[in-house]
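Only the coordinates and a few stated rules stand behind these numbers; no lab work does. Only a predicted model underlies this, so the values are computations on that prediction, with no experimental measurement involved. We place every Cβ from the backbone using ideal geometry, glycine too, and count neighbours over all the protein chains shown.
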Amino acid sequence: MESLKTMVLENTRSCNLRCNICPTVYTRHYPAGFMDMETFHRILDHTSPEFFPKCALMGWGEPFLDTRYFEKLEYLKKTGYAVGSTTNATLLTKDLVIRLQDAGLDLLNVSIDPFHIRAAKITLDELIKHLLSALGSTARGQLSFTVGVTVALAKSDMNFLQILLEHLRKLPVSHIGVIPLIMIPSDGFFSELVRGEDMSRLKQATKERFPDLKVFFPYLDAPPSKNCRSDVFHNVYVTYNGDVVPCCTLAMEFPNFTFDGQRHRTSLLSFGSLKEMAFQDIWTSSPYLAFRDSFRTGGIPSVCHCCNAWRKLPVR
């Protein structure tokens, strides 16, 4: 069996924000909810850190809305997983950060972009002040977990990154990833796609102005050969009801425009339920093997044509 990396465990499909770019606003058959503890334990009974050393406790929602989040985190750590979560940052407080440290969280990724800020009805200055209060200092001194930031840029907000990076110098941030709009659920947002030429100029300006910060622009690189950026050979996404799917895009149905301007609709692609089956039986099943073999032979499965994760960002 291939050496695996990360299992994304969708602890919630509920969010405290309604960002107008988020696919969950446009999806069909999308019941908000949380992974109950029975499902959580049945999933973990059918897999282990021997398969996935890392677990991302997160998904299509805000993980800290889950009232059982810390119970899940503590169990994952006790079982032997390295655990990370992604948050929109609006619920972070100093007390919550201390609890995350005590529970052994390894990585906290903060998603900061103009869409979150507008949906939260706050300013960037207010959000940074909030983060400084939560992350800038704790009663225990240095943070025990790594903090990363992901920034999704729209063409009309190109100046946002430079302003944000000035603020991030004040925070204990290890790395920053900058991506274009890769989920485009409405044609009204297609004109906001940042092209490769613009992203390249932004990368150069960022390198000159912020040489001390580790800023990455993954969509300026070509997708990995015979794979996609979601890395279907080493990662899986487990929905809050236990379905094993290749990635977050194929975890639900929503309209999506690809980089070439074509309109598609994503489809749920489940290869089995970890509530019922052992992971190795799902991973080595004929349908899942055929899906991965499509990439190995240089093709893209038809179900993936809706997605931008394997596409090259247009230059112009």
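Just tell me which aspartates and glutamates come within less than 17 Å, Cα to Cα, of K312; anything on the same chain fewer than 8 places away is out. Cα-Cα hits under 17 Å: E192, E197, D198, D221, D231, D260. Averaging the Cα positions of each part gives two centres, and for region 20-79 and region 289-303 these lie 27 Å apart. Along region 255-262 the Karplus relation, 6.51 cos²θ - 1.76 cosθ + 1.60 evaluated at θ = phi - 60°, assigns HN-Hα couplings of x, 8, 9, 8, 4, 8, x, 8 Hz to successive residues, with x for each Gly and Pro. Pairs of Cα atoms nearer than 8 Å and 6+ residues apart set the relative contact order; for the chain it is 21 percent. Each residue of region 39-48 was assigned a 3J(HN,Hα) from its phi angle through the Karplus expression (A = 6.51, B = -1.76, C = 1.60, θ = phi - 60°), giving 4, 3, 6, 5, 4, 6, 5, 9, 8, 6 Hz with x at Gly and Pro. Note on region 117-249: the alpha carbon radius of gyration divided by the globular reference 2.2 N^0.38 Å gives 1.21. Subtracting the Cα-Cα distance of D36 and Q162 from their residue separation scaled by 0.36 nm leaves 41.3 nm.
Close amide H pairs (under 5 Å, H built 1.01 Å from N) link F216 with I176, G177, V178, residues at least 5 positions away or on another chain. Exceeding 23 Å between C-alpha atoms, which entries from my cross-link table qualify? They are K94/K155; K72/K170; K72/K94; K72/K226. Flagged as over cut-off: K94/K155; K72/K170; K72/K226. Summarising the strand pairing of the chain, around 25 percent of its internal DSSP beta bridges are antiparallel. Around the amide H of L153, modelled in the peptide plane, lie the amide H atoms of I179, L181, all under 5 Å away and 5 or more residues distant in sequence or on another chain. Proximity of backbone amide H atoms, modeled 1.01 Å from N, is registered between R229 and W310 at under 5 Å, excluding neighbours fewer than 5 places apart on the same chain. Starting from the 7 Å offset along Cα-to-Cβ, what nm value, one decimal, do you get for the label separation of D260 and S186? Result for the modelled spin labels: 2.6 nm.
Backbone phi angles across region 89-103, fed through the Karplus curve with coefficients 6.51, -1.76 and 1.60 (θ = phi - 60°), yield HN-Hα couplings of 6, 5, 9, 5, 9, 4, 5, 5, 4, 4, 5, 4, 5, 4, 7 Hz in residue order; Gly and Pro are listed as x. Label separation (F70 vs R201): 4.9 nm, computed from points 7 Å beyond Cα along the C-beta direction.
Using a 4.7 Å Cβ-Cβ cutoff, the cysteines of the chain lacking any partner cysteine are C15, C55, C228, C247, C248, C304, C306, C307.
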